[in-house]
Amino acid sequence: MKKMILFAAAAIMAFGASAQMSLVKDLAKKVASGNPQALAEALQAIEPALTNPESANDVLTWYTAGKAAFGLYDEMFKMKLIQPDAVDKEAMNEALNAAYMFYQTALPLDSVVEVDKNGAPKLNKDGSKKIKTKYSKEIIGALVSHMGDVANAGNEYLQASDWKNAADAFGNYAEIARSPFAIANEVSPADSVLSQVRFFQAYSQYQIQDFASAYENFTKARKMGYTENQIVEFQTSSLANMVQTMLDQNQFDKAKNFIENALKSDPANATLHDIMGFTVELKDGIDAALPFYRHATEVDPTYANAQFDVGRCLYLQAQKIIDDNPSATTKDLVPKLKPIYDEAIPFLKKAIELDPSNTKPQSVLDDILYKFEMMGVKI
């Protein structure tokens with residue numbers, strides 16, 4: 001079976017709203033036949049209605065598209081059981097992802113105010129308007145019954161490094177998994193399962209550098225108890241990339257507020273404290289940043305970056321004294337510099353011990369030792 005194209009790139013002539021809705025009604029009848037060829041044709045033909053301002057707000061449009069996509073997926077699934085090699089798995093998963101998107105769009109639109117013969121809204125006893133639904137039961141049934149399928153599709157996309165589709169599939173599963181109707185149908189998974197799904201959704205988003213979404217979903221996974229696959233490192237790296245973007249745009253206050261909010265839920269994250277120090281340093285200098293770097297070493301003494309940042313800032317404080325006093329003698333400088341260097345050395349040595357691959361701490365330490373030698377100071 002040839003891969004279907006759900007969203008053609010070719011330009012399509014715009015129709016009026018009435019013409020579009022007429023098209024949708026005709027396609028709804030075509031979809032009802034259940035014929036695989038008719039389903040595929042309907043999916044292509046309904047595309048203009050999905051973007052037309054009026055037809056796009058009608059539940060029938062999205063219901064028809066979703067029914068076609070789910071129908072096509074189910075037909076391919078049955079064929080796969082009989083002739084696995086005869087089915088295009090990519091097209092099959094594409095149909096499933098599209099079906100979820102269409103039905104999730106349709107569901108909130110399927111709430112219509114009941115009216116009387118004069119067109120006035122009918123009221124409940126409490127005075128609120130009576131609401132009816134037409135397609136929700138069928139939509140919910142399809143979404144719930146295909147939860148396992150969409151999770152499997154996510155795994156297949158993940159194995160193929162198709163990160164965008166993997167993120168979409170895992171996101172579809174996660175959104176449905178905690179919906180009221182999934183809970184009502186007793187198919188809502190345990191946190192241990194859903195947290196893993198959120199992790200893989202976030203991991204996929206991380207791969208395509210959608211760091212904001214990745215950070216959000218890594219956070220959700222951690223809140224549900226997920227601790228595997230270096231999730232803290234991935235979550236923090238996502239945040240660091242987001243902060244870097246803000247800093248590149250000189251949005252220092254925004255970056256600082258964002259980190260502060262992250263620290264409220266993760267106060268023992270040394271990397272966050274170190275990132276806060278970096279943010280403060282860019283705007284207010286090393287003196288303002290040093291307390292944040294120090295706190296990072298206290299939160300996690302094994303975090304090499306923080307150890308180096310403390311040693312580096314102390315070294316720079318000493319260098320500023322040298323720069324600000326160009327005519328000072330060695331005798332004048334030693335009492336001012338030695339206490340600062342003495343404090344910096346243990347941090348630099350610790351950074352070297354924790355991360356021998358980083359040559360910067362050794363370079364700073366070597367320069368301090370050279371200055372001691374030039375000043376005649378014995379260590």
Consider the candidate values [x] 1.36; [y] 1.18; [z] 0.94; state which one is Rg/Rh (Cα atoms, Kirkwood Rh) computed from the structure displayed. [y]
Mind checking which of GLN244, LEU194, ALA45 is farthest towards the positive end of the chain's charge dipole, using Cβ charges of +1 (Lys, Arg) and -1 (Asp, Glu) about the Cα centre? ALA45
Can you sort TRP163, TRP62 so the residue with the fewest Cβ neighbours within 10 Å comes first? TRP163, TRP62
How many angstrom separate the Cα center of region 346-379 from the Cα center of region 250-281? 28
Its Cα gyration tensor gives region 17-112 an equivalent ellipsoid whose semi-axes in whole Å, largest first, are 25, 13, 10
Can you sort SER357, SER33, SER204 from fewest to most other Cβ atoms within 10 Å of each residue's own Cβ? SER357, SER33, SER204
Report the Cα centroid-to-centroid distance between region 282-302 and region 123-163 in angstrom, as an integer. 47
How far is helix 286-299 tilted, in degrees, relative to the longest principal axis of the Cα atoms in the chain, given as a value from 0 to 90 rounded to the nearest 10? 70
Along region 18-24, what does the Karplus equation 6.51 cos²θ - 1.76 cosθ + 1.60 (θ = phi - 60°) give for ³J(HN,Hα), rounded to whole Hz, x for Gly and Pro? 5, 5, 5, 5, 5, 4, 4
With r as the distance between the Cβ atoms of ASN229 and ALA19 and R0 = 41 Å, compute the FRET efficiency 1/(1 + (r/R0)^6) and round to 0.05. 0.20
Roughly what angle does helix 59-82 make with the longest principal axis of the chain, taking Cα atoms, 0 to 90 degrees, to the nearest 10? 90
Stretched fully, the stretch from LYS264 through THR302 gains (0.36 nm per residue minus C-alpha distance, one decimal, in nm) 11.5 nm
Just to confirm a number: summing +1 for Lys and Arg and -1 for Asp and Glu over residues other than ASP110 whose beta-carbon lies under 15 angstrom from that of ASP110, what do you get? +2
Could you put VAL87, VAL232 in order, starting from the residue whose Cβ has the fewest other Cβ atoms within 10 Å? VAL232, VAL87
Setting aside same-chain residues fewer than 8 positions from LYS122, which lysines have a Cα under 17 Å from its Cα? LYS130, LYS132, LYS134
Compute the length gained on full extension between LYS283 and ASP85: take 0.36 nm times their separation in residues and subtract their Cα-Cα distance, giving the result in nm to one decimal. 65.3 nm
Based on Cβ point charges of +1 for Lys and Arg and -1 for Asp and Glu, what charge dipole magnitude is obtained for region 146-249 about its Cα centre, in debye rounded to the nearest 20? 240
Treating only the Cβ of Lys, Arg, Asp and Glu as charged (+1, +1, -1, -1), what charge dipole size does the chain show about its Cα centre? Round to the nearest 20 debye. 980
Whichever lysines have a C-alpha closer than 28 Å to that of LYS360, once near sequence neighbours (fewer than 8 apart) are set aside: LYS256, LYS283, LYS320, LYS336, LYS338, LYS349, LYS350, LYS371, LYS378
With r defined as the distance between the Cβ atoms of ASP253 and GLU41 and R0 fixed at 56 Å, what FRET efficiency is calculated, to the nearest 0.05? 0.55
So for R0 = 30 Å, FRET eff. of ILE321-LYS378 from the Cβ-Cβ r, to 0.05, ends up at 0.90
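Each reported figure results from applying straightforward, stated rules to the coordinates on display, with no laboratory input. The shown structure was predicted, so the numbers you read here are calculated from the model rather than taken from an experiment. Reconstructed Cβ throughout: ideal geometry from the backbone, glycine too, with neighbour counts over all protein chains shown.
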